[in-house]
Amino acid sequence: MLVAGNWKMHTDIDAARALARDVVDSVGDPGDVTVVVCPPFVSLSAVAAEIAGTPVGLGAQNMHAQDAGAFTGEVSAPMLTSAGCRYVILGHSERRQFFGETDEGVCAKIGQAHAHGLVPIVCVGETLEERKAGKAEEVVGRQLAHSLRGAAPGSPDRLAIAYEPVWAIGTGETATPDQAQEMHAFIRVRLNEQFGPQTARALHILYGGSVKPGNAAELFGQTDVDGGLIGGASLKGEDFAAIARAG
Ligand code: PEP
């Protein structure tokens, strides 16, 4: 199980440090669950110092596809590793919706993440209109095919997929466990076709979209749900820890 907290554009440096401490104290020993926090870029170093020597890992919310250059406002993979990151969220629906992120861009970033030893958490998911039109699998299948083209994780712990139905993100509306399982099983089949059964079985497929302490256990109890990408509920240490305990 992998449970990652996406803090989005919340917390200044002091608040991030305090939340990281709260997460560490609340999570305690997570057992078999890998727990990761993804603060804003400016807080990565402060959070890295706060979680050093604890079981909580560090991730970023995005990165650029090149090492360095004239890309004002961007942050590269070597910068993230130097700040202590092991994980990076790529292709989050908010990046796609507000910043023009494409599957092709995500694909380039995945290659770059792997080249620098980062574990990409690749987000896919359909909108409500696409689901209502019966196109959820078609959309997610296309996102997977295009963004994972050429991906070579090497081992299953070097890639995670997050299924995040856009209609469930930050809305309070969660996919039912059956809906989540159905899509996760579909994703696993696609991963199997690309990476073979051994890797596909072991890759983490996370569910994201209004996961809370009250619904985490049922979602994580589904055969193909291997953890969660948590937005709002990751901003409270105790709630996030309760979700991680459900893993
Ligand atoms: C997310 O941003 O990845 C997310 C799942 O948000 P929330 O848990 O708030 O729906």
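The values are calculated or read from the model by the stated rules, or taken from the named source; none is laboratory data. All values reported here derive from a predicted model rather than from experimental measurement. Ideal geometry is used to build each Cβ from the backbone, glycine not excepted, and the neighbour counts take in all protein chains shown.
Does the stretch 86-107 include one or more residues that are modelled with pLDDT of 95 or more, closer than 15 Å to residue 38 by Cβ and more than 16 Å from the ligand (Cβ to nearest atom)? There is at least one residue in the stretch 86-107 that is modelled with pLDDT of 95 or more, closer than 15 Å to residue 38 by Cβ and more than 16 Å from the ligand (Cβ to nearest atom). Cβ-Cβ distances below 8 Å connect the following pairs, each with a first residue in the stretch 159-183 that is part of a loop (DSSP other than H, G, I, E, B), a second residue that is among the charged types (D, E, K, R) and more than 11 Å from the ligand (Cβ to nearest atom), and a separation of six or more residues or different chains: 165/126; 165/131.
When the stretch 204-222 is filtered for residues that are in a strand (DSSP E or B) and free of Cβ contacts under 8 Å to residues at least 60 places away in the same chain, the ones remaining, listed by number, are 205, 207. Mind listing whichever residues of the stretch 223-247 are more than 10 Å from the ligand (Cβ to nearest atom) and either assigned to a helix (DSSP H, G or I) or surrounded by fewer than 19 Cβ atoms within 10 Å (Cβ to Cβ) (or both)? Residues satisfying the conditions are 223, 224, 236, 237, 238, 239, 240, 241, 242, 244, 245. When the stretch 202-222 is filtered for residues that are within 9 Å of the ligand (Cβ to nearest atom) and surrounded by fewer than 24 Cβ atoms within 10 Å (Cβ to Cβ), the ones remaining, listed by number, are 210, 212.
The condition of being over 16 Å from the mean Cα position of the chain (by Cα), farther than 30 Å from residue 223 by Cβ and outside any helix (DSSP H, G or I) holds for only one of 65, 48, that being 65.
Restricting attention to the stretch 109-127, the residues that are touching a helix residue (DSSP H, G or I) at 6+ places or on another chain (Cβ under 7 Å), surrounded by 24 or more Cβ atoms within 10 Å (Cβ to Cβ) and part of a strand (DSSP E or B) add up to 4. Are any of the residues in the stretch 94-112 more than 19 Å from the chain's Cα centre (by Cα) and without any contact (Cβ under 8 Å) to a residue 12 or more places away in the chain? No, there is no match, as no residue in the stretch 94-112 is more than 19 Å from the chain's Cα centre (by Cα) and without any contact (Cβ under 8 Å) to a residue 12 or more places away in the chain.
Here residue 116 meets each of (1) farther than 26 Å from residue 244 by Cβ; (2) within 17 Å of the chain's Cα centre (by Cα) with one exception, condition (2). Do we have residue 173 as within 13 Å of the ligand (Cβ to nearest atom), surrounded by fewer than 19 Cβ atoms within 10 Å (Cβ to Cβ) and charged (D, E, K, R) here? So residue 173 passes the test.
Quick grid of which residues meet (1) touching a Lys or Arg at 6+ places or on another chain (Cβ under 8 Å); (2) surrounded by fewer than 19 Cβ atoms within 10 Å (Cβ to Cβ); (3) aliphatic (A, V, I, L, M); (4) under 28 Å from residue 106 (Cβ atoms):
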residue	(1), (2), (3), (4)
18	no, yes, yes, no
45	no, yes, no, yes
58	yes, no, yes, yes
67	no, yes, no, yes
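Across the stretch 152-195, what is the number of residues that are modelled with pLDDT of 95 or more and among the small types (Gly, Ala, Ser)? Number of matching residues: 4.
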